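Accompanying notes for the structure given below.
The values are calculated or read from the model by the stated rules, or taken from the named source; none is laboratory data. A quick note: this is a predicted structure, and the numbers were derived from the prediction, not measured. Cβ placement follows ideal geometry from the backbone for every residue including glycine, while neighbour counts extend to all protein chains displayed. With ligands, DNA and RNA removed, areas are computed over all heavy atoms of the protein, side chains included. Shrake-Rupley method; radii C 1.70, N 1.55, O 1.52, S 1.80 Å.
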Amino acid sequence: MDMMDRGQAPAKARLLLADDHEMLLEMFALYLRKNHAFTVETARTFDEAAQKLQTEDPFDVTLLDWNMPGMHGVTGLKRALQLTGGRPVGIITGEALPKVIDETVAAGAAGIVLKSSGVRSLVNALNLILSGERYLPFDLVMRRADPNEESNDTLTKREMLILTEIAKGKRNKEICSDLQLALPTVKMYVSSLCRKLGAKNRLHATVIARDLGLM
């Protein structure tokens, strides 16, 4: 090895991270930039991500939010795969149903990363994807094998746990402390369960859940 090569720092992997959840997006991007070997570009819509893929230097890996504006699920994934020229594209999502897992895998996604898994798991996922492997969290693999294992009707076990805490009158910060979860994660679960139940707010969600016999 040349002596000059020894003194050179390894090149950082270029990541495009696209998500319309601004707080979560910035938290992930800040962590990756400060603590790991990545340079990070961000986007908040699929159109913005597509523009960066077409006009900027190639990204080593791209992560796209499944539900962000303009994504349209697997349609956006296929388009991004075309734009990257064969470089890996993964999905980041708050909740992945078995159908979503099957669609993304069949379309050629490099993996699925759950927003609730935290920044360390994100780093592990990115490193695995960059090595040429496909990343699926263990709980997603189990859910794919048995779709009913992690759910209670429309809600996952974690969402039901959050909903139970809400029914006790706890605020998000109290739930964070009691369940040892990050505030953006709790907010994401609250938004998800409200959306699934068709609730206008937290209180409305508990009323609907009781009416449905979920609590």
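Matching residues to (1) touching a His at 6+ places or on another chain (Cβ under 9 Å); (2) at pLDDT 90 or above:
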site	(1), (2)
D102	no, no
G111	no, yes
S116	no, no
L126	yes, yes
M142	no, no
### Task
Of the numbered conditions (1) surrounded by fewer than 17 Cβ atoms within 10 Å (Cβ to Cβ); (2) modelled with pLDDT under 90, S192 fails exactly one; give the number of that condition.
(1)
#### Entry: Test for D47: is it closer than 20 Å to L25 by Cβ and out of contact with any strand residue (DSSP E or B) (no Cβ under 7 Å at 6 or more places or on another chain)
yes
### Message
Name the single residue that is surrounded by the fewest Cβ atoms within 10 Å (Cβ to Cβ) among those in region 169-189 being of a type in the set (K, R) and assigned to a helix (DSSP H, G or I).
### Response
K173
### Task
Name, by its number, the condition in (1) out of contact with any helix residue (DSSP H, G or I) (no Cβ under 7 Å at 6 or more places or on another chain); (2) outside any strand (DSSP E or B); (3) buried (at least 18 other Cβ atoms within 10 Å of the Cβ) that does not hold for M71.
(1)
### Task
Just need a number here: residues in region 1-26 that are surrounded by 10 or more Cβ atoms within 10 Å (Cβ to Cβ), modelled with pLDDT under 90, in a helix (DSSP H, G or I) and not charged (D, E, K, R).
2
#### Entry: Subset of region 195-215 (residues that are free of Cβ contacts under 8 Å to residues at least 12 places away in the same chain and surrounded by 17 or more Cβ atoms within 10 Å (Cβ to Cβ))
A199, I208
### Residue list for region 84-100, filter: modelled with pLDDT of 90 or more and open to solvent by 40 Å² or more (accessible area, probe 1.4 Å)
R87
### Summary
Residue pairs qualifying under the 6 Å Cβ cut-off, at least six apart or on distinct chains, with the first in region 30-45 being open to solvent by less than 20 Å² (accessible area, probe 1.4 Å) and the second being part of a strand (DSSP E or B) and not aliphatic (A, V, I, L, M), are L32/F38
## Note on the structure
L155: passes all of (1) open to solvent by 20 Å² or more (accessible area, probe 1.4 Å); (2) among the aliphatic types (A, V, I, L, M); (3) at pLDDT below 90 but (1)
### Task
Hey, can you tell me all the residues within region 81-93 that are more than 24 Å from S191 (Cβ to Cβ) and of a type outside the set (V, I, T)?
L81, Q82, L83, G85, G86, R87, P88
### Message
Among the residues in region 104-114, are any in contact with an Asp or Glu (Cβ under 9 Å, 6 or more places away or on another chain) and either in contact (Cβ under 8 Å) with a residue 60 or more places away in the chain or open to solvent by 40 Å² or more (accessible area, probe 1.4 Å) (or both)?
### Response
no
#### Entry: Output for region 48-71, where each listed residue is under 8 Å from L16 (Cα atoms) and of a type outside the set (A, V, I, L, M)
F59, T62
### Task
Look at region 35-54 and say how many of its residues are in a helix (DSSP H, G or I) and within 14 Å of R14 (Cα to Cα).
3
